[in-house]
Amino acid sequence: MHALTFEAVETIRYSTVPDPVLLSPSDVIVKVNLAGICGSDLHIYHGRETGLDKGTVMGHEFVGEVVDTGSEVKKFRTGDRVLSPFTTSCGECFYCHIGLTCRCEKGSLYGWVEQGAGLHGAQAEYVRVPMADSTLVPLSHDLTQEEGLLMGDVFSTGFFCADNVNIQPDGLYVVIGCGPVGLMAVTGARFLGAEKLYAIDTVPYRLKKAEQLGAVPLNAGSFNVRDYIMEITGGRGADGVMEAVGSENSLRLAFDLLRPGGVLSSVGVHTSEKFSFSPVEGYNKNITYKSGRCPARFYAEKLIREAAVQRCNISSIITHRFSLGQGSRAYEVFDRKLEDCIKPVLEVKSKKCEVRSKK
């Protein structure tokens, strides 16, 4: 089959790789219809995440159709439309039971193979899904493929970020970073009742989209946003700040904008070895700091059950569509913010796959 593979820093190749096979009775094979390129894929692209094997199939965002199932799979059959979170989960361990599915004791991240061990990704014609019954979520026909794709990561993560700040109708909230996750944090915050909501970035077209989604845009490249937030809150600061960038500077800004006793929710993928604020500063401000990977399996079901996905215009952040064969160009456009790109997706046209169990 064809897939996008990691070859070297800033080198993603449209390659021919072996078709996936069923390695366990709990596996399924999914024919990928749409795959996303995520901001965290760019960490690998730029070499900020090291250790990935050359030839690893990239990507962890996808929707598609089941084409083969292992003998122990009970919930899915050939032809079912499905979405997937960006990690697999067993549904049985301590972390799955408490809803922290992203930390499943048996789980894997799609698109990460290191020293031969791991799980290939979904920027491909087909993908193997381990522990399918507890990993996949049915994609009902009242939801589009685009909505399913975004629930597997971006919308779930943005909503999780907003959920963490305990939004109150009379509070004032700030989102830092208006990439796909930040924009979904804006959407989630509005859904949860935020009336005074501000979005910070330096890219005008991203700020324009944040405004369309219900936030007041603040361009950090044009004026001192900290001074502005302090001014409009009488020197107190924001009740909650949602950080969706993943840099030392953005985390420091989030801390500086926060009032004493406020909540800092950080879902940007951080690679720094140190915090931007000290334990003393955190103590003296009585902050609540929440961070980490979103339990997307848990949140995907929650967003469907609570009709959040049906009521929010999440697909509007998808600005670019590429074929799988144009994958290298898609990475370039997304990375360099060309053509006002917010969220690119790959439309996958699959060949017939000779799926089979491993003997």
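The values are calculated or read from the model by the stated rules, or taken from the named source; none is laboratory data. Here the structure is a predicted model, which is why all the values come from computation and not from measurement. Note: ideal-geometry Cβ built from the backbone for every residue, glycine included; neighbour counts use all protein chains shown. Keep in mind that these areas ignore ligands, DNA and RNA; they rest on the heavy atoms of the full protein, side chains included. Shrake-Rupley method; radii C 1.70, N 1.55, O 1.52, S 1.80 Å.
Accessible surface comparison of TYR283, TYR95, probe 1.4 Å, protein chains only, largest first: the order is TYR283, TYR95.
A simple charge model with +1 on the Cβ of Lys and Arg, -1 on the Cβ of Asp and Glu and nothing else charged puts the dipole of the range 19-104 at about 160 debye relative to its Cα centre. Counting only protein heavy atoms and using a 1.4 Å probe, the accessible area of CYS312 comes to about 20 Å². Normalised by the number of residues in the range 200-303, the mean separation of alpha-carbon contacts (under 8 Å, six or more apart) gives a relative contact order of 20 percent. Over the chain, accessible surface divided per residue gives 43 Å², non-protein components excluded, 1.4 Å probe.
Per residue and in Å³, how big is the convex hull formed by the alpha-carbon atoms of the range 220-359? So the per-residue Cα hull volume is 227 Å³. Phi-derived couplings, Karplus 6.51 cos²θ - 1.76 cosθ + 1.60 at θ = phi - 60°, listed residue by residue for the range 126-132: 9, 9, 8, 10, x, 6, 4 Hz, with x used for Gly and Pro.
Residues VAL267, VAL245 ordered from highest to lowest accessible area at a 1.4 Å probe: VAL245, VAL267.
Zone of GLU248 (label point 7 Å along Cα→Cβ, backbone N under 17 Å): which residues in the range 12-51? So the set is 48-49. Only one residue of GLY262, PHE277, SER250 has its Cα farthest out toward the positive end of the dipole of the range 231-297, where Lys and Arg carry +1 and Asp and Glu -1 on Cβ, and that residue is GLY262. Ordered from largest to smallest accessible area (heavy atoms of protein chains, 1.4 Å probe), the residues ILE176, ILE98 come out as ILE98, ILE176. Please work out the FRET efficiency for the pair LEU109 and GLU231, using the Cβ-Cβ distance as r and a Förster radius of 56 Å; give the result to the nearest 0.05. Efficiency for this residue pair is about 0.85. Near the amide H of TYR126, within less than 5 Å, lie the amide hydrogens of VAL32, all on another chain or at least 5 residues away, with H placed in the peptide plane. Normalising the average separation of contacting C-alpha pairs (under 8 angstrom, six or more residues apart) by the number of residues puts the relative contact order of the range 59-147 at 31 percent.
Amide H contacts of PHE62 (H built 1.01 Å from N, in plane; Pro and chain starts excluded): GLY36, SER84 sit under 5 Å, all sequence-distant by 5 or more or on other chains. Only Lys, Arg, Asp and Glu carry charge here, each on its Cβ (+1 for the first two, -1 for the last two); on that basis the chain has a dipole of about 320 debye about its Cα centre. For the range 109-123, backbone phi angles converted through the Karplus equation (6.51, -1.76, 1.60; θ = phi - 60°) give residue-by-residue couplings of 8, 4, x, 9, 10, 10, 6, x, 10, x, 10, 5, x, 10, 7 Hz, Gly and Pro being listed as x. Rounded to the nearest Hz, the phi-derived 3J(HN,Hα) couplings of the range 324-336 under the Karplus curve 6.51 cos²θ - 1.76 cosθ + 1.60 (θ = phi - 60°) are 4, x, 9, x, 4, 5, 4, 4, 5, 5, 5, 5, 8, where x marks glycine and proline.
Taking amide H as placed 1.01 Å from N in the peptide plane, the amide H of ALA238 sits under 5 Å from that of LEU258, ARG259, each at least 5 places away or on another chain. The reciprocal of the average 1/r between distinct C-alpha atoms defines the Kirkwood hydrodynamic radius, which for the range 36-194 equals 17.0 Å. Straightening the chain between PHE94 and THR288 buys 67.4 nm, computed as 0.36 nm per residue apart minus the Cα-Cα spacing. In the chain, the portion of solvent-accessible area held by carbon and sulfur atoms comes to 47 percent [1.4 Å probe, whole percent, DNA, RNA and ligands not counted].
The Rg/Rh ratio for the chain is 0.98, where Rg is the radius of gyration of the alpha carbons and Rh is the Kirkwood radius.
Reducing the range 68-146 and the range 11-54 to their Cα centroids gives an inter-centroid distance of 13 Å.
Tell me whether the range 139-282 comes out rounded, prolate or oblate; compute the Cα gyration tensor, take square roots of the eigenvalues as a ≥ b ≥ c, and use a/c under 1.5 as the rounded threshold. Prolate.
Of the residues PRO85, THR144, VAL175, the one whose Cα sits farthest towards the positive end of the charge dipole of the range 84-175 is PRO85 (charges of +1 on Lys and Arg Cβ, -1 on Asp and Glu Cβ, taken about the Cα centre). For the range 33-124, count all C-alpha to C-alpha pairs, find those more than 23 Å apart, and express that count as a whole percent of the total. The calculated P(r) of the range 33-124 puts 31 percent of pairs beyond 23 Å. Any chance you could check the Cα centroid distance between the range 234-266 and the range 312-327 for me, in angstrom? The range 234-266 and the range 312-327 have Cα centres separated by 30 Å.
Across the range 236-287, C-alpha contacts under 8 Å between residues 6 or more apart give a mean separation that, scaled by the residue count, equals a relative contact order of 41 percent.
The local environment of ILE314, defined by Cβ-Cβ distances under 11 Å, has a net charge of 0 under the rule Lys, Arg +1 and Asp, Glu -1.
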